[in-house]
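Shown next, in structure tokens, is the structure this report addresses.
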Amino acid sequence: DVVLTQTPPTLSATIGQSVSISCRSSQSLLDSDGDTYLNWLLQRPGQSPQLLIYSVSNLESGVPNRFSGSGSETDFTLKISGVEAEDLGVYYCMQATHAPYTFGAGTKLELK
Amino acid sequence: EVKLQQSGDELVRPGASVKMSCKASGYTFTDYAMHWVKQSPGQGLEWIGTIIPLIDTTSYNQKFKGKATLTADKSSNTAYMELSRLTSEDSAVYYCAWSFDYWGQGVMVTVSS
């Protein structure tokens, strides 16, 4: 199974600060169809996960553009340019290139 | 507006089975895959499997083969997941997710005697 390693496990930020989360894969996530199925999800406290970014860098409809994703093959990054209070929660990367689909362990974003 | 409405929380005895539902609205049910995901208490997320309603095809995480059975009823736009031979390890929140874009509110399953 593909292992996704997220760092850091916890992130403390002030409002307005820019932060980044890393997701490293044990295998290349480049699919034979040319796409890379690496997504980023946010789970706010007491809520279901929600999709933020799909296929590395595509912003899901309705997601603020302070969120951005980058990377390729095995190394990926989620950046939040100016944290807002509503961004607090646990961020997960997940891959849907190789079955079984797998998730990172999560990065908890807290207010400093 | 896309909505996935899952059935209510369940308290079940060890060894029993439970079947939960996920009713979709706001999109064409057969157009995309429906995934099921497990979140154990204080744990992360695990993909259980996927059903493609259009062609009634399923794929499972090997870990959940024999544990989970996915079905779909196209006439009512509803996906189902049945979990069998429940143990305490199956106590978790279970989500349906349409193409991972939209998620249901989750079903909390508690296995206890």
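The values are calculated or read from the model by the stated rules, or taken from the named source; none is laboratory data. As the structure is a prediction and not an experimental result, all values here were calculated from the model. For neighbour counting, all protein chains shown are included, and Cβ atoms are generated from backbone atoms with ideal geometry for every residue, glycine included.
A few remarks follow.
- Matching residues in the stretch B:25-50 - criterion: being part of a strand (DSSP E or B) and either surrounded by fewer than 17 Cβ atoms within 10 Å (Cβ to Cβ) or modelled with pLDDT under 90 (or both): B:Ser25
- Residue in the stretch B:51-68 that is surrounded by 16 or more Cβ atoms within 10 Å (Cβ to Cβ), in contact (Cβ under 8 Å) with a residue 40 or more places away in the chain, under 13 Å from the mean Cα position of the chain (by Cα) and closer than 28 Å to A:Gly106 by Cα present: no
- Filter result for B:Val111 (touching an Asp or Glu at 6+ places or on another chain (Cβ under 7 Å), more than 13 Å from chain A (Cβ to nearest Cβ) and either surrounded by fewer than 20 Cβ atoms within 10 Å (Cβ to Cβ) or not aromatic (Phe, Trp, Tyr) (or both)): yes
Residue-by-condition table, conditions (1) of a type in the set (Ser, Thr, Tyr); (2) in contact with a Lys or Arg (Cβ under 9 Å, 6 or more places away or on another chain); (3) within 21 Å of A:Gln50 (Cβ to Cβ):
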| position | (1), (2), (3) |
| --- | --- |
| B:Ser40 | yes, no, yes |
| B:Ile51 | no, no, no |
| B:Ile55 | no, no, no |
| B:Asp73 | no, no, no |
| B:Arg85 | no, yes, no |
| B:Ser88 | yes, no, no |
| B:Ala97 | no, no, yes |
| B:Gln105 | no, no, yes |
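- Which numbered condition B:Ser75 misses (of (1) more than 28 Å from A:Val3 (Cα to Cα); (2) within 14 Å of chain A (Cβ to nearest Cβ)): (2)
- Criterion: over 21 Å from B:Tyr94 (Cα atoms) and not polar (S, T, N, Q) - qualifying residue of A:Gly46, A:Gly106, A:Gly89, A:Gly16: A:Gly16
- Out of A:Ser72, A:Ser25, one residue alone is at pLDDT 95 or above, under 29 Å from B:Gly42 (Cβ atoms), more than 12 Å from the chain's Cα centre (by Cα) and not hydrophobic (A, V, I, L, M, F, W, C). It is A:Ser25.
- Some residue of the stretch A:33-49 being surrounded by fewer than 13 Cβ atoms within 10 Å (Cβ to Cβ) and farther than 26 Å from B:Lys38 by Cβ: yes
- Of all positions in the stretch B:51-60, none carries a residue that is closer than 21 Å to A:Gly46 by Cα, within 13 Å of another protein chain (Cβ to nearest Cβ) and not in a loop (DSSP other than H, G, I, E, B).
- For the stretch B:87-108, the candidate set comprises residues that are more than 12 Å from B:Gln5 (Cα to Cα) and assigned to a loop (DSSP other than H, G, I, E, B); within that set, the residue that is farthest from the other protein chains (Cβ to nearest Cβ) is B:Thr87.
- Each residue in the stretch A:8-67 was checked for being within 17 Å of B:Ser99 (Cα to Cα), within 14 Å of another protein chain (Cβ to nearest Cβ) and part of a strand (DSSP E or B), and 13 of them qualify.
- Of residues in the stretch A:68-109 being among the hydrophobic types (A, V, I, L, M, F, W, C), in contact (Cβ under 8 Å) with a residue 60 or more places away in the chain and more than 14 Å from chain B (Cβ to nearest Cβ), the one surrounded by the most Cβ atoms within 10 Å (Cβ to Cβ): A:Ile80
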